[in-house]
Amino acid sequence: MSMLPIYLLAGGPGAKRESPDPILQMAFRELGKTKPSVAYIGAAHGDSLMFFLFIKRLIAAAGAGKVELVPLVKKKNKMEKAQSIIQSADCIFVSGGDVDEGMHVLTERSVVPLIKKRYNEGALIIGVSAGSIMLAKQWINWPDENDEGSAELFPCMNIAPVLCDTHGEEDKWNELHSLVRLTAGDQIGYGIPSGGAMRISRDGTIEAIRMPLYRIERRGGKIARINDLADCK
């Protein structure tokens, strides 16, 4: 089964609320199915029903069929149901919120291997905001919020083979710079601005959608900004 491209979106404040959303439409066309089913992962926002219903409308307006919340946060949730929704869905949509909290839930509930399995079987993978970061390789937290030097790395799902941040344009992508600085070896970090998206093909080719992608490069221990990746769509 051929693996489909991965879509990493930055929605939220500053993004144009279009209905239907053209980036989601583009992603769903990759499946070649009418009304694809979607497994919605809301671990990063505590499985908030209000947030799910809001995003569900946007997903459905873009052409999706059945959109189900994957119940993961509450301890009483039966994992059989969560696994069944992920296993049967055409698309897995990882929503926004808090990256650290979201990864804690996904790791504790042991669903990352299943998401990777479904991707390898041909499921479409979409992330938005914190969900985009969760699909990437690593992220950072600060045990001491008042000490920049306390920043430390933690692993994400590593389904999208990139380092990325979303919505960082107002603070000049400070968190992305911290991430790349802490990561070993030569790396490129990508900033996905509000309203933009990244498409990662199965061969690793990265495309910017709607808006250019901010880029920094670490080479030989030094970090420098390189040319933005221009919008190709």
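The values are calculated or read from the model by the stated rules, or taken from the named source; none is laboratory data. These numbers come from a predicted model, not from an experiment. Positions of Cβ are generated from backbone atoms using ideal geometry, with glycine treated the same way; all protein chains shown enter the neighbour counts.
All told, residue 4 meets the bar of being part of a loop (DSSP other than H, G, I, E, B), among the aliphatic types (A, V, I, L, M), surrounded by 15 or more Cβ atoms within 10 Å (Cβ to Cβ) and within 16 Å of the chain's Cα centre (by Cα). In the stretch 191-209 there is at least one residue matching the filter, namely being part of a strand (DSSP E or B) and under 22 Å from residue 151 (Cα atoms). The residues listed here are 81, 56, 76; of these, the one that is part of a helix (DSSP H, G or I) and over 18 Å from the mean Cα position of the chain (by Cα) is 81.
Residue-by-condition table, conditions (1) of a type in the set (Lys, Arg); (2) within 25 Å of residue 201 (Cα to Cα):
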| position | (1), (2) |
| --- | --- |
| 46 | no, no |
| 62 | no, yes |
| 81 | yes, no |
| 86 | no, yes |
| 95 | no, yes |
| 109 | yes, no |
| 131 | no, yes |
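Residues considered: 110, 84, 95, 37. Of these, the only one that is surrounded by 14 or more Cβ atoms within 10 Å (Cβ to Cβ), free of Cβ contacts under 8 Å to residues at least 40 places away in the same chain and of a type in the set (Ser, Thr, Tyr) is 84.
Out of everything in the stretch 17-27 that is crowded, with 16+ Cβ neighbours inside 10 Å and within 8 Å of residue 62 (Cα to Cα), what residue ends up being modelled with the lowest pLDDT? Step by step, filter the stretch 17-27, then rank; the result is 21.
Taking residues in the stretch 154-176 that are part of a loop (DSSP other than H, G, I, E, B), and partners anywhere that are among the basic types (Lys, Arg) and surrounded by 17 or more Cβ atoms within 10 Å (Cβ to Cβ), the pairs with Cβ atoms closer than 8 Å and at least 6 places apart or on different chains are 156/137; 158/137; 160/137; 161/137; 162/137.
Every residue, every condition in (1) modelled with pLDDT under 95; (2) over 17 Å from the mean Cα position of the chain (by Cα); (3) within 23 Å of residue 112 (Cβ to Cβ); (4) not hydrophobic (A, V, I, L, M, F, W, C), yes or no:
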site	(1), (2), (3), (4)
135	no, no, yes, no
138	no, no, yes, yes
162	no, no, yes, no
219	yes, yes, no, yes
223	yes, yes, no, no
226	no, yes, no, no
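Taken over the stretch 177-201, residues that are touching a Pro at 6+ places or on another chain (Cβ under 7 Å) and either surrounded by fewer than 12 Cβ atoms within 10 Å (Cβ to Cβ) or under 16 Å from residue 11 (Cα atoms) (or both) amount to 2.
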